[in-house]
1. Roughly how tilted is helix 112-121, in degrees to the nearest 10 and between 0 and 90, from the longest Cα axis of the chain?
2. Counting DSSP beta bridges in the chain, what percent are antiparallel, to the nearest 5?
3. Can you give me the convex hull volume of the Cα atoms of region 83-237, divided per residue and expressed in Å³?
4. If all Cα-Cα distances of region 16-160 are sorted into 10 Å bins from 0 onward, what percent lands in each bin, rounded to whole numbers?
5. If I take R0 = 41 Å and measure r between the Cβ atoms of Thr147 and Lys173 in this structure, what FRET efficiency does the formula 1/(1 + (r/R0)^6) give, to the nearest 0.05?
6. Under a plain spin-label model, where a point goes 7 Å from the Cα along Cα-to-Cβ, how far apart in nm are Thr364 and Arg59?
7. Roughly how large, in nm² to one decimal, is the mean projection of the convex hull of the alpha-carbon atoms in region 291-376?
8. List, largest first, the extents of the alpha carbons of region 221-336 along their principal axes, each in whole Å.
Amino acid sequence: MASQRNGAALSLRPVSLSVPLDTILIGDCVAELEKLPPASVDLVFADPPYNLQLQGDLRRPDQSLVDAVDDAWDQFESFQAYDIFTRAWLLAVRRVLKPTGTLWVIGSYHNIFRVGSALQDLNFWILNDVVWRKTNPMPNFRGRRFTNAHETMIWAAKGADSKGYTFNYEALKAGNEDLQPRSDWLIPICNGAERLKSESGVKVHPTQKPEALLARVLLSASKPGDVVLDPFFGSGTTGAVAKRLGRHYIGVERDRDYAAAARARIDAVVPETEESIAAAPAKREAPRVAFSTVVERGLVRPGARLVDERRRHEVVVRADGTLAHGSVVGSIHRIGAIVQGRDACNGWTFWHVEDGAALKPIDTFRDIVRAEAARAG
Ligand SMILES: C[S@@+](CC[C@H](N)C(=O)[O-])C[C@H]1O[C@@H](n2cnc3c(N)ncnc32)[C@H](O)[C@@H]1O
């Protein structure tokens, strides 16, 4: 196994010694992945060849040649050959992925449907397809089709019953002005100072992905100290972003020149401070707080009226931390479910107190109790 080590010694969590962390393995990804221990990787980001099937030169209206991806590594003799290749690397990835791990694969209309079908055939479970919409796509020079302005990323768990995979929902929502994170991402293609170029100004790699895209993937679906594998490392975008965000990386790349460029790029990356990348505590991992504690602490007083967000239902808070809806008494969750005619309800987010003209969810008071508990150690 040829390898290039990058001094990104980020050991935020102990990981088995036999996993070659922060390393670029040079070779075919299927062969290299077979040398890794099983279930050793938390997250995979794969940017495989797209099999673009270009037919002849592509020229602009002024007849200048478009710098298209016509490299040998992107060419396959048939769809069948591409499918065999896809299945082989997906199986290799599957073996090294932890049961809690997830896989992202990026592609375009040329290949992503074939990849999606192979993923499902191999029992991966698709969680989302995320559309990367480009702010600055390459124009359609012939005017015979729509401008191809997006790529698709499939995000998949190992199986339909996979539990415990990382999705930093609350942090993503908080960073998105408290709106749920969406599956369409508007991000420019990689250019400017970020684009690796040779001394003569030639692009080092034809398909270098933007770091902003990888940052969003890693911040969404991994934690600091996780092991992130990229089986098609190219110019090392995944490794550069992983190092910056305090994740470990393993890259596999067949082409020595790309691997060398990736190593130099990653060596120059300065990691963010631990404080700025530390995982935000997820609500479901936070210590349990009973609504009766909120009432005991006087944050919501007995006799107070709670309403839902649209003020359609009103209940009374009882001194023991239960709610009364007419003659029915129960927990914040049960009464929330009953008034809506549902089986279940998260009472913390459903019920609100009047706060002047506005409404405040009772979850706010749970946060206060938790913050006090954290301060008390
Ligand atoms: C689409 S590019 C990845 C670009 C990368 N995401 C970046 O930002 O630079 C695919 C890369 O996979 C490499 N490659 C193709 N087939 C491979 C294989 N079987 N094993 C390892 N690398 C391979 C190619 O040399 C190419 O650099």
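The values are calculated or read from the model by the stated rules, or taken from the named source; none is laboratory data. Because the structure is predicted, anything quoted here is derived from the model rather than measured. Note that each Cβ is placed from the backbone with ideal geometry, even for glycine, and that neighbours are counted across all protein chains shown. Accessible surface areas use protein heavy atoms only, side chains included; no ligands, DNA or RNA. Shrake-Rupley method; radii C 1.70, N 1.55, O 1.52, S 1.80 Å.
1. 60
2. About 65 percent, rounded to the nearest 5.
3. 154
4. 10, 35, 32, 17, 6, 1
5. 0.85
6. Roughly 6.6 nm, to one decimal.
7. That works out to 5.7 nm².
8. 75, 25, 21
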